[in-house]
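Remarks on the structure that follows.
A short reminder: the numbers here are calculations on the coordinates, not readings from a lab. As the structure is a computational prediction, the values presented were derived from the model and not from experiment. Here Cβ is always computed from backbone atoms with ideal geometry, including for glycine, and neighbour counts include all displayed protein chains.
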Amino acid sequence: MLDWQSAQEDGRESLTQHVSRDRLHVVSSKVPVWSRLIRIWTYRALLLSLVRKELSVKYKNSVLGFAWSMLNPALTLVVYYVVFQLVLKNGMPQFAIFLLCGLVIWNFFSTALSGATSSVVANAGIVQKVSFPREVLPLASVGSALVFLFLQLIVLAIALVVGRDVPAFSYLALLIPAFVDLVILAAAFSVFLSAVNVYYRDTQHLLEIVLMAWFWGTPVVYAYQTIAVPLARHHLSWAFFLNPVTAIVITFQRVLYAKVSPVLATGSVMKILPTGSPLWFLGQLAIVFVVSCVLFVIALSVFGRMEGNFAEEL
């Protein structure tokens, strides 16, 4: 791991290599959101460079390197298999795979938010001295988390083969909109939190508590129907979807885990996932897409209003 000074120097060098001298970045809250999006696209080479820097810093001088990102979910899979399948004898078939389907999504989301929240503060030296769109700093954290997500999906794919778990191929296309929703949603929260944390440094500590509560409000460890059925009795099933991550997680579970209401060895039926058609899942993802886009626009607007005093606050 690089120390603080060397990390700052790497970041400054990366920025100066990609920001030309004839390009002026005006820090103003009046810059339209559309212009900010264009500016981010213009600096996409810088964004990719920062993603590579974050990855190299994380695994510098590491023998296994990126393999650590695969060992974490693999070890989690083994532990939960032993605990819930062999020791506690959890009634859910292939519970470890069910868990991993939701866990890889949550790991990406929480990692992206945690890294992005402190991204502007951690790069205070280059923010104060180099002109560039500051939004790329939290977005770089999302990009590096995205690389880790792909590595963890490899572990999930291996687990599906070993466990002989057959995905629901008729639902397979839903992974694309679910993936898009996940990235936009994470980017929205990341940009917003990175700006707020410059002024209120407690944000990064509060986020740890919020993410812990948010995790248990998402059907990762427990089945969706465990909460949805009691809520439906009170006509509150819609309340579960106030958490936008829920629709993304259950979509991945429906496609990859693919067990909706399996019949157990005792002859009873366990309700795990929604019985909706692909169109039902697509409808839920469409709602999340709209919400995520709106949140991203709001986040860029808030970031623009706050970034004018970043240098002073840092």
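Things worth noting here:
- Two-site label geometry, Trp214 and Glu312: point separation in nm, points 7 Å out along Cα→Cβ: 3.0 nm
- Relative contact order, whole percent, for region 196-286 stands at 25, derived from Cα pairs under 8 Å and 6 or more residues apart.
- Simple spin-label estimate for Leu175 and Leu206 in nanometres, 7 Å along Cα-Cβ: 3.8 nm
- Calculated FRET value between His234 and Gln85, using beta carbons and R₀ = 30 Å, to 0.05: 0.35
- Electrostatic dipole magnitude of region 62-313 [Cβ: Lys, Arg +1; Asp, Glu -1; Cα centre; debye, to 20]: 620 debye
- Fewest-first sequence of Ile209, Ile287 by Cβ atoms within 10 Å of each Cβ: Ile209, Ile287
- Each residue of region 164-174 was assigned a 3J(HN,Hα) from its phi angle through the Karplus curve 6.51 cos²θ - 1.76 cosθ + 1.60 (θ = phi - 60°); the sequence is 6, 8, 8, x, 8, 5, 5, 9, 4, 5, 5 Hz, with glycine and proline shown as x.
- Nitroxide proxy distance, nm - points 7 Å out along Cα→Cβ at Tyr199 and Thr275: 5.0 nm
- When you restrict to C-alpha pairs under 8 Å that are six or more residues apart and normalise by the size of region 110-153, the relative contact order lands at 53 percent.
- Estimated FRET transfer efficiency (Val162, Ser268; beta-carbon r; R0 25 Å; 0.05): 0.40
- Across region 247-258, rounded Karplus estimates of 3J(HN,Hα) from the backbone phi angles (6.51 cos²θ - 1.76 cosθ + 1.60, θ = phi - 60°) give 4, 5, 5, 5, 5, 4, 5, 5, 6, 8, 6, 6 Hz, Gly and Pro being marked x.
- FRET efficiency estimate (nearest 0.05) - Cβ-Cβ, Leu48 to Leu71, R0 25 angstrom: 0.45
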